[in-house]
1. Taking the condition of being farther than 24 Å from I7 by Cα, of a type outside the set (G, A, S) and in contact with a Lys or Arg (Cβ under 7 Å, 6 or more places away or on another chain), how many residues in the stretch 140-174 meet it?
2. Which condition breaks for D187 when tested against (1) surrounded by 24 or more Cβ atoms within 10 Å (Cβ to Cβ); (2) out of contact with any His (no Cβ under 8 Å at 6 or more places or on another chain); (3) not basic (K, R)?
3. Considering L168, L143, which residue is part of a helix (DSSP H, G or I), under 23 Å from F55 (Cβ atoms) and in contact (Cβ under 8 Å) with a residue 12 or more places away in the chain?
4. Those residues that are of a type in the set (A, V, I, L, M) and out of contact with any Leu (no Cβ under 7 Å at 6 or more places or on another chain), I need them from the stretch 208-223; list them, please.
5. All but one of (1) in contact (Cβ under 8 Å) with a residue 12 or more places away in the chain; (2) under 30 Å from G119 (Cα atoms); (3) assigned to a loop (DSSP other than H, G, I, E, B) hold for Y177; which doesn't?
6. Restricting the search to the stretch 276-291, which residues are farther than 28 Å from A357 by Cβ and touching a residue at least 24 places away in the same chain (Cβ under 8 Å)?
7. Taking the stretch 409-439 as the search range and keeping residues that are among the hydroxyl-bearing types (S, T, Y) and in a helix (DSSP H, G or I), which one is nearest to T305 (Cα to Cα)?
8. Filtering the stretch 465-497 down to residues that are outside any helix (DSSP H, G or I) and surrounded by 15 or more Cβ atoms within 10 Å (Cβ to Cβ), which residue is nearest to the chain's Cα centre (by Cα)?
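The values are calculated or read from the model by the stated rules, or taken from the named source; none is laboratory data. Note that this is a predicted model, so its numbers are computed, not measured. Neighbour counts are summed over all protein chains in view; Cβ atoms, including those assigned to glycine, are modelled from backbone coordinates with ideal geometry.
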Amino acid sequence: MPLTLGIDIGTYETKGVLVDETGCVTAQAARRHEMLVPRPGWAEHRPEEDWWGDFVFVCRALLEQSRADPHDIVAVACSAIGPCMLPVDAAGKPLMNGVLYGVDGRAEAEVRELTDRIGEDTVIKRCGNALTSQSVGPKILWLKRHRPEIYARTAHVLTSTSFLVQRLTGEVVIDHYTAANFSPLYDVATQDWTDDLADDILDLNKLPRLLWSGDIAGHITAAAAAETGLAPGTPVTAGTIDAAAEAFSVGVDRPGDMMMMYGSTIFIILRTAERVADPRIWYAPWLFEGEHASMAGLATSGTLTHWFRDQLARDLDPADAFPALAAEAAASPPGANGLLMLPYFSGERTPIHDPNAKGAIFGLNLTHTRGDIYRALIEGIACGTRHVTDTFAELGQSPKRLLAVGGGTKNALWLQATSDITGIDQIVCEKTTGASYGNAFLAALAVGLVERGDIAKWNPVETSVTAQSDPRYDKSYALFRRLYEQTKDIAAELGAL
């Protein structure tokens with residue numbers, strides 16, 4: 001039976017699956033890595049170790065576990081965190097660590113300068129997105145100004161997925177969905193690179209060739225085969241950002257479908273019938289030509305739960321800490337006994353786009369327990385999520401159905417609090433493997449093993465979460481919004497210190 005391989009590089013973990021043509025997972029493997037924070041507001045990965053090294057490790061683990069003949073793998077698709085910024089030399093060698101997506105705010109000055117120079121309305125009209133910490137263009141300009149010796153040696157600027165595809169096939173490509181995050185260097189109308197808005201960022205010849213996510217980018221080279229154990233000549237797709245593959249893994253494929261990814265960040269993708277332009281959210285062409293998507297994302301969510309475990313739950317076994325903390329939080333009532341938490345521990349992305357935002361735990365008194373604080377953390381993330389879903393509603397883009405995916409779906413308290421605070425029911429599919437599983441389906445689609453609608457057979461609905469109305473949540477959400485507004489100037493001044 002033919003197999004397809006899907007591998008995804010996440011913020012903290014790489015996951016991979018081998019899947020047969022019926023959608024059955026025949027093998028799965030994972031490997032942990034770290035997000036480097038060399039200074040506050042920065043976020044990096046080591047491309048050789050964390051991206052390519054993990055890919056090779058997981059690929060070989062899957063082959064060993066399944067005992068599959070590499071020639072039975074008919075296609076490979078990969079995804080990774082993004083959009084990232086990675087300069088490489090003419091041989092494809094990384095010249096520095098990969099600069100991560102919107103959690104890295106090092107180019108704040110360049111974002112402001114380019115926005116002032118071009119004009120926000122023009123940027124949104126031409127690029128589909130306001131310039132934010134999610135945008136790659138300002139980060140390339142930061143590279144030019146702050147690492148001129150690296151900029152001078154740069155042959156191409158890649159993103160994480162592009163780097164993997166290049167190592168596998170020798171081809172320098174990027175999918176349109178990812179490229180739309182390279183503002184102001186991507187024109188959404190022409191769906192091509194442009195330097196009309198800023199010709200001082202980068203020579204466009206140094207950007208990857210544009211493809212659609214399901215296009216075959218190339219084939220496994222002899223060198224890549226020797227490292228990975230894959231068969232030479234195996235087709236490799238152009239790939240995409242992890243969140244898009246994750247959305248596809250649960251059947252987000254029609255206008256009105258929304259994915260909520262519970263991972264290191266909350267990331268939301270809404271398939272839309274047409275392009276939606278608003279500075280509070282992001283836009284990109286979807287994975288296939290002629291289709292559209294709007295996106296939003298918090299800066300911290302799963303990352304914040306890890307911080308809490310590591311700093312405030314050291315008495316617990318790390319392997320069992322999250323269920324124990326969830327049990328403690330469940331003993332606290334909705335509203336966390338009067339506690340509020342702003343989850344802005346790495347600034348915030350949508351809809352406020354404030355890299356200077358700070359985390360806060362507000363309302364503490366001597367009666368509060370660790371369970372109250374952890375519940376406030378969960379509810380704070382859910383309030384940030386409601387801020388996003390309310391923004392979509394204001395734009396006339398409320399979801400027709402919401403599909404939840406990711407590791408956080410195992411946390412029943414988090415799921416229920418999110419539905420209760422947003423007022424939106426959620427669907428959870430049978431397989432929550434996520435992006436790696438979506439990649440395996442996209443690989444199968446690329447070589448004609450499946451049709452798009454077959455994802456419903458591959459990954460059927462398992463359960464749902466029904467929103468329960470609670471007036472305490474409406475009150476706490478209103479206070480959450482006020483707390484940010486009344487403290488953002490203090491947060492900015494603290495950042496300046």
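1. Of the residues in the stretch 140-174, the ones farther than 24 Å from I7 by Cα are 140-155.
Checking which are of a type outside the set (G, A, S) leaves us with 140-151, 153-154.
The next check asks that each one be in contact with a Lys or Arg (Cβ under 7 Å, 6 or more places away or on another chain); those that pass are 142, 151, 154.
Within the stretch 140-174, residues that are farther than 24 Å from I7 by Cα, of a type outside the set (G, A, S) and in contact with a Lys or Arg (Cβ under 7 Å, 6 or more places away or on another chain) number 3.
2. Status for D187: all satisfied but (1).
3. Working: L143 fails: under 23 Å from F55 (Cβ atoms).
So the residue among L168, L143 that is part of a helix (DSSP H, G or I), under 23 Å from F55 (Cβ atoms) and in contact (Cβ under 8 Å) with a residue 12 or more places away in the chain is L168.
4. Just the residues of the stretch 208-223 that are of a type in the set (A, V, I, L, M), to begin with: 210-211, 216-217, 220, 222-223.
Selection gives L210, L211, I216, A222, A223.
5. Condition (3) is where Y177 drops out.
6. The initial filter retains those residues of the stretch 276-291 that are farther than 28 Å from A357 by Cβ, namely 285-291.
Across the stretch 276-291, the qualifying residues are P285, W286, L287, F288, E289.
7. Going residue by residue through the stretch 409-439, those that are among the hydroxyl-bearing types (S, T, Y) are 409, 418-419, 422, 432-433, 436-437.
Checking which are in a helix (DSSP H, G or I) leaves us with 409, 418-419, 422, 436-437.
Values: T409: 13, T418: 15, S419: 19, T422: 20, S436: 23, Y437: 24 Å.
Checking each candidate, the answer is T409.
8. The initial filter retains those residues of the stretch 465-497 that are outside any helix (DSSP H, G or I), namely 465-470, 497.
If we keep only those that are surrounded by 15 or more Cβ atoms within 10 Å (Cβ to Cβ) as well, we get 465, 467, 470.
On the way: V465: 23, A467: 25, D470: 30 Å.
Ranking the candidates gives V465 first.
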